[in-house]
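First comes the structure, then the notes that go with it.
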Amino acid sequence: MSELFSEAYALQQDSLDDLRHFREQFFIPQHDGENQAYFCGNSLGLQPKSLSAALAEELDNWAANGVEGHFNGKHPWMPYHEFVRDSLASVVGAMPSEVVAMNSLSVNLHLMMVSFYRPDQQRNAILDAKDLTAQIASLREGCFHDLVRQYIPVESVEEQWDIGALQKVLAEEWQMELDLQKQVQDASAITDEDLLASVAAAANALFTAKVDQVGAENFTQFERMVLLQSIDTHWRDHLSSLDYLRQGIHLRGYAQKQPKQEYKREAFELFGQLLDSVKNEVTKVLMTVKVQSSEQLEEAADAMESRGESIANVTYSAPTETGGIETVVDPETVRSGVSLAAADHLPRVGRNDPCPCGSGKKFKQCHGKLA
C-alpha cells in the first residue's frame, strides 16, 4: 500500500498519462531550481508559453486598427465568442447553440448554469406561502401610487391636477367609480396626498370585497398562480432583452462611452421595467377579475344554451359558377316541422343588388363574396 504514495509510482503513472505532453506547453513555477507540483485551481492558472505571441498579435491589432479591431484583423473581437463556442459546449456537455462566452471565466460559468436553473428561495417562498396578503398589498400600493402621480404630481397645486382623466382611467380600466371632483369641491382644503389616500382606500375596499366573495384561502391560490405566471413570463422577456442589449453594447464605444458601464446602466433600467411590469400586471388582473357565484354561472350557462337553441334554419347563399344563386339550409339547424323546401321561398338576390344585410354594399362584395 505504501508504494502507492511513492515518487516512483507517481512517475510511472505520469508516464502513462496520454495528456502528459501538454505539460510542455506551460511555464511551471520553480522552487529551489525544480518544478513545483502545481495544484492551484484558481482562475489564473499556469501561463501558456504561447501567450506572449498571442498577446503581441492582439496588441498589434489594437495599435493598427483601434476600435475597428472589433471587426478587422485575424481574430476580430466582436464575434470572439464564436471561436470558443464548440470547445465550451464540450466542456459543459451542452449543444453549441446553448452556450455563449463573454467577459470572464466567472461570467461564463454563470451563463452556462442558466440551462440548469432551479427555483430560488424567493420563488419557493411564493409557492409555499399560506398567505400572500403582504406581497399583494405592496404591489397594489405601488401600482396605484404610480397611477395617481401621473395625473396629480407630488406637492402640486389644484390647478395642475387632471382629476377628470384620473376618474376616467379608474372607471374604464380599474372598475373603480370615484367622484374625486366632488370630493375636491366639497373640501375646504385638500392636498395631493389626500387624493392619493382616497384612491388607495377605494382600491383596498374593492379588493377586499372580491376576497370576501370567494374566501381568503381560495383567493390566495389565484394570487399565487397570477404572481408566478407574471414573474416567469416577464423574466424570460427580460433575459431576451439583455441578450439583445449585449449584442449591440459594443457600439457605445463609438460615442466615447464605456460599453461596460453603459451595459450596467441600461440593464438596471431594464430590471426596473421588469419590476414595474410585474407590479402593474398582477395588480390589474387581481383588481379587475370578475368573481361569480355558482348561481350566476348556472344563469350564464342557461343563457348561452338558450341563445344556441334560438339559432335555427341557418341559410347559406352563394353564387354558382353560372352566375346564379345557390341557397342551402344547414341541416343541423333545421327545427322540427320546418321543411328544407322553405329555402325555395327565400327572395333571390342578384350579384349586383344591394346586400339584404343593410351594409349598403353590393351582394357580390358582401355576403355573396366568393371565398
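Taken over region 133-153, the criterion of being open to solvent by less than 60 Å² (accessible area, probe 1.4 Å) and farther than 17 Å from LEU286 by Cα is satisfied by VAL148, ARG149, TYR151, ILE152, PRO153.
Kindly provide the set of residues from region 201-219 that are among the β-branched types (Val, Ile, Thr) and either more than 21 Å from LEU170 (Cα to Cα) or open to solvent by less than 50 Å² (accessible area, probe 1.4 Å) (or both), ordered by number.
Taking region 201-219 as the starting set, the residues that turn out to be among the β-branched types (Val, Ile, Thr) are 208, 211, 214.
Matches in region 201-219: VAL211, VAL214.
Tell me the residue from HIS21, HIS75, HIS81 that is surrounded by fewer than 10 Cβ atoms within 10 Å (Cβ to Cβ) and either at pLDDT 80 or above or not in a loop (DSSP other than H, G, I, E, B) (or both), please. It would help to see each step written out before you state the result.
Details: HIS75 fails: surrounded by fewer than 10 Cβ atoms within 10 Å (Cβ to Cβ); HIS81 fails: surrounded by fewer than 10 Cβ atoms within 10 Å (Cβ to Cβ).
The conditions single out HIS21.
Exactly one residue among SER198, SER156, SER230, SER188 is of a type in the set (Ser, Thr, Tyr), surrounded by 14 or more Cβ atoms within 10 Å (Cβ to Cβ) and farther than 30 Å from VAL100 by Cβ, and that residue is SER198.
Answer yes or no as to whether HIS238 is farther than 30 Å from ASN204 by Cβ, part of a helix (DSSP H, G or I) and in contact (Cβ under 8 Å) with a residue 24 or more places away in the chain. Spelling it out, it is not the case that HIS238 is farther than 30 Å from ASN204 by Cβ, part of a helix (DSSP H, G or I) and in contact (Cβ under 8 Å) with a residue 24 or more places away in the chain.
Tally the residues that are outside any helix (DSSP H, G or I) and at pLDDT 85 or above, restricting the search to region 48-71. Lay out the reasoning, then the answer.
The first filter runs over region 48-71 and keeps only residues outside any helix (DSSP H, G or I), leaving 48-50, 71.
When the remaining residues are screened for being at pLDDT 85 or above, the result is 48-50.
Of the residues in that region, 3 qualify.
With respect to being open to solvent by less than 30 Å² (accessible area, probe 1.4 Å), hydrophobic (A, V, I, L, M, F, W, C), in a helix (DSSP H, G or I) and within 24 Å of SER293 (Cα to Cα), PHE222 falls outside the description.
Tell me, please, whether a residue that is open to solvent by less than 30 Å² (accessible area, probe 1.4 Å) and more than 11 Å from the chain's Cα centre (by Cα) can be found in region 252-263. The answer is yes; a qualifying residue exists. Inside region 172-185, residues that are under 23 Å from LEU286 (Cα atoms) and open to solvent by 30 Å² or more (accessible area, probe 1.4 Å) make up a count of 6. Checked against (1) farther than 23 Å from ARG236 by Cα; (2) more than 25 Å from the chain's Cα centre (by Cα); (3) modelled with pLDDT under 90, LYS168 meets all criteria but (3).
Contact map, region 153-174: residues that are within 16 Å of ALA200 (Cβ to Cβ) paired with residues that are open to solvent by 40 Å² or more (accessible area, probe 1.4 Å) and of a type in the set (A, V, I, L, M), Cβ distance under 7 Å, separation 6+ or inter-chain. Pairs shown: GLN167/LEU178; LEU170/LEU178. The residues in region 160-193 that are closer than 30 Å to PHE219 by Cβ and either touching a helix residue (DSSP H, G or I) at 6+ places or on another chain (Cβ under 9 Å) or of a type in the set (S, T, N, Q) (or both) can be counted, and the count is 13.
Quick test for you: out of GLY358, GLY324, GLY350, pick the one residue that is at pLDDT 65 or above and touching a Phe, Trp or Tyr at 6+ places or on another chain (Cβ under 9 Å). Before you say what the answer is, go through the steps one by one.
Values: GLY358 fails: touching a Phe, Trp or Tyr at 6+ places or on another chain (Cβ under 9 Å); GLY324 fails: touching a Phe, Trp or Tyr at 6+ places or on another chain (Cβ under 9 Å).
That would be GLY350, the only listed residue that is at pLDDT 65 or above and touching a Phe, Trp or Tyr at 6+ places or on another chain (Cβ under 9 Å).
For region 18-34, filtered to residues that are in contact with a Lys or Arg (Cβ under 9 Å, 6 or more places away or on another chain) and not hydrophobic (A, V, I, L, M, F, W, C), the residue that is nearest to ALA54 (Cα to Cα) is GLN25. Set side by side, the residues ALA8, ALA54, ALA63 differ, and just one is surrounded by 10 or more Cβ atoms within 10 Å (Cβ to Cβ) and free of Cβ contacts under 8 Å to residues at least 60 places away in the same chain, which is ALA54.
Check region 270-291 and report whether any residue there is at pLDDT below 75, part of a loop (DSSP other than H, G, I, E, B) and surrounded by 12 or more Cβ atoms within 10 Å (Cβ to Cβ).
The initial filter retains those residues of region 270-291 that are at pLDDT below 75, namely none.
No.
Against the criterion of being at pLDDT 70 or above, open to solvent by 60 Å² or more (accessible area, probe 1.4 Å) and not basic (Lys, Arg), SER310 does not qualify.
Exactly one of these conditions fails for ASP162: (1) open to solvent by less than 60 Å² (accessible area, probe 1.4 Å); (2) in contact with a Phe, Trp or Tyr (Cβ under 8 Å, 6 or more places away or on another chain). Give me its number. So the condition that ASP162 fails would be (1).
The values are calculated or read from the model by the stated rules, or taken from the named source; none is laboratory data. These numbers were taken from a predicted model, which means no experiment stands behind them. So basically every Cβ, Gly included, is an ideal-geometry build from the backbone, and we count neighbours across all protein chains shown. Protein only, heavy atoms only, side chains kept; ligands, DNA and RNA dropped before computing areas. Shrake-Rupley method; radii C 1.70, N 1.55, O 1.52, S 1.80 Å.
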